[in-house]
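The values are calculated or read from the model by the stated rules, or taken from the named source; none is laboratory data. Since we're looking at a predicted model, the values are computed, not measured. Ideal geometry is used to build each Cβ from the backbone, glycine not excepted, and the neighbour counts take in all protein chains shown. Keep in mind that these areas ignore ligands, DNA and RNA; they rest on the heavy atoms of the full protein, side chains included. Shrake-Rupley method; radii C 1.70, N 1.55, O 1.52, S 1.80 Å.
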Amino acid sequence: MAASAQSIVKPSNTKKRRHALFDLKRIKKNWRLYVLILPTFLCFLIFSYIPMYGVLIAFKDYVPVLGIWNSPWVGFKYFNQFFQSYYFWDLIRNTLGIQIYGLIVGFPLPIILALALNEMKDGFWKKFSQTITYAPNFISVVVMGGMIIAFLDPSTGIINHAIQALGFQPLAFMSDPKWFKTVYVLSGVWQGTGWGSVIYLAALAGVDPALHEAAIVDGASRVQRIWHINLPAIVPTMVILLILNVGSLFSMGYEKILLLQNPLNLSSSNVIATFVYKQGLLDGQYSYAAAVGLFNSAINAILLIVVNKISRRVSDNSLW
């Protein structure tokens, strides 16, 4: 029995050694590819992973003079302070409200635009349409914020001039809290829809033309070909992007919101990102800001894992 057991185990160990040797040979053979990816790896290591050491200050009463290690431990003090604060639910509500609003409005539009551009014949109008829709993506956040404020000004803004021309009273978009989410989301959709359609166009470019030719022979209309050929071809891409979007519901940049924020719309524009910025950089409460930021990142990670697991069970598409 012992001899038979050894004979069973021995080939397995040999197989593992051969597999390891094969991996080493493969690395040596493809060393150029590893060198090519090395700068990206180092960039992530230096700027994304090594700084995670600083997360410790979320559990400490951080004093810059003492440093991270020598600052006293306070455990979950700042997390409890955030959870028990009166503005906790307002921050959660505003962050989720803006992000879900943006997901509902902004997610389908790049798909629709990509399907429309894909149906256009190659020529001047297709290139012109692509250029017009892509161009807003290259406008900086600062310039975009200035444009929004200028266009929506109650007295001089072009939007309010158009509203007055239609016989209505001008609207104070930037000072009315109920308009902030709509202004933020629609301006983001206008700026990012064209660029977001690029990845769907790339997926549509991989559709076999023979499928369309066969569908035309069978009498399928253009709408039927879009529905039964083009849409299924981009479903995997749609699922992956949806997972990434849902997994970043609590992750939003603070730059544009800060540019559009003012004391009158603060009840709708104060989100977790701007709160962390103000507490950490403006008020110098580094540990408190780190705790809130860590809570934000943890929620995003949990959402990403849960949504990816649901997608893997429902369909064959997932991140891992």
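General observations
- Evaluated over the stretch 63-106, the Cα radius of gyration and Dmax, each in Å: 16.9, 48
- In the assembled protein chains, SER175 presents an accessible area of approximately 40 Å² (probe radius 1.4 Å).
- Computed over the stretch 156-288, the ratio Rg/Rh where both radii use C-alpha atoms and Rh is Kirkwood: 1.16
- Here the Karplus curve 6.51 cos²θ - 1.76 cosθ + 1.60, taken at θ = phi - 60°, turns the phi angles of the stretch 151-164 into couplings of 5, 9, 4, x, 9, 10, x, 5, 5, 6, 5, 5, 5, 5 Hz, with x standing for Gly and Pro.
- Stokes-Einstein D in µm²/s, Kirkwood radius over Cα pairs - the stretch 75-215 at 20 °C with 1.002 mPa s viscosity: 116
- Rg and Dmax, both from the Cα atoms of the stretch 123-169 and both in Å, are 14.9, 43.
- Two-decimal ratio, the chain, of alpha-carbon radius of gyration to 2.2 N^0.38 Å: 1.34
- For TRP190, solvent-accessible area (1.4 Å; no DNA, RNA or ligand), Å²: 130
- Interchain or long-range residues, amide H under 5 Å from LYS60's placed H: VAL74
- Flagged links, alpha-carbon separation over 22 Å, of LYS126/LYS256; LYS127/LYS181; LYS77/LYS278: LYS126/LYS256; LYS127/LYS181
- Relative contact order (%) - criterion: Cα under 8 Å, at least six apart; region: the chain: 23
- Report note on the peptides 162-172, 256-266, 72-82: ranked by the mean count of other C-beta atoms within 10 Å, highest first, their order is 256-266, 72-82, 162-172.
- Taking a ≥ b ≥ c as the square roots of the eigenvalues of the Cα gyration tensor, the stretch 221-320 is oblate, since a/c reaches 1.5 or more and a/b is not larger than b/c.
- Positive-end extreme of charge dipole, the chain - chosen from ALA114, SER267, VAL235 (charges on Cβ): VAL235
- Heavy-atom accessible surface of SER140, to the nearest 10 Å², is about 60 Å², with a 1.4 Å probe and all protein chains retained.
- Remark: accessible surface ordering of GLU255, GLU213 (largest first) is GLU213, GLU255, probe radius 1.4 Å.
- Accessible heavy-atom area order of TYR200, TYR87, TYR254, highest first, probe of 1.4 Å: TYR254, TYR87, TYR200
- When TRP179, TRP125 are compared by accessible area at a 1.4 angstrom probe, the order from most to least is TRP125, TRP179.
- 222 nm mean residue ellipticity, helices alone, for the chain (DSSP H n ≥ 4; -39,500 (n - 2.57); rounded to 500): -21500 deg cm²/dmol
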